[in-house]
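Since the structure comes first, as structure tokens, the remarks are kept for the end.
Read the figures in this text as sums done on the coordinates, not as results from a lab. All of these numbers come straight from a predicted model, not from anything done at the bench. Neighbour counts run over all protein chains shown; Cβ positions are idealised from the backbone, glycine included.
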Amino acid sequence: MTVPDSDLVCSLTATDYRDRQAAWRTVGKYVTASTAVPGGLRMSFAPARGLADSLTELVRLEGECCAWMAFALSESPDGIGLSITANGVDGERAVRETFAPLVGSLEQTRS
């Protein structure tokens, strides 16, 4: 199944998009693992004070501008899990490309 590119639209302005990227980079400092899953990816975050609230707010905001993505948060004493998925091959690719900088920051910290 493919998703028309016209359905994979973000409604943020350029300035808001840059601000949102900065917010994701901030929480991205706590990414401890990333795994490709059907439809997108799953990231694990180290436990940190206020991080769950920050992620919850980012997920809420993303739902407003990028309704084609689905987000699922989970918490445990070991940290926070976040799955981000979308329908179709194009949706999966778009999720992985959109959040590649977070995964990339994980790779850089391992080097």
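Helix 100-110: angle to the longest alpha-carbon principal axis of the chain, degrees 0 to 90, nearest 10? Value to nearest ten degrees: 30. In this structure the amide hydrogen of E75, modeled in the peptide plane, comes within under 5 Å of the amide hydrogens of G81, none closer than 5 places in sequence on its chain. Treating each Cα of the chain as one equal point scatterer and applying the Debye formula with no solvent, the log10 of I(q)/I(0) at q = 0.11, 0.16, 0.23 Å⁻¹ comes out as -0.33, -0.71, -1.43.
Seen against the Cα atoms of the chain and their longest principal axis, helix 51-65 is set at about 10 degrees. With contacts taken as Cα pairs under 8 Å at a separation of at least 6 residues, segment 5-110 carries a relative contact order of 32 percent.
Against the chain, whose longest principal axis comes from its Cα atoms, helix 14-28 is set at around 30 degrees. For segment 15-104, trypsin sites (Lys or Arg not before Pro) are listed when DSSP marks them as loop and at most 16 other Cβ atoms sit within 10 Å of their Cβ; the list is K29, R49. Among the GluC sites (Glu not before Pro) within segment 18-69, not one is in coil by DSSP while having at most 12 neighbouring Cβ atoms inside 10 Å.
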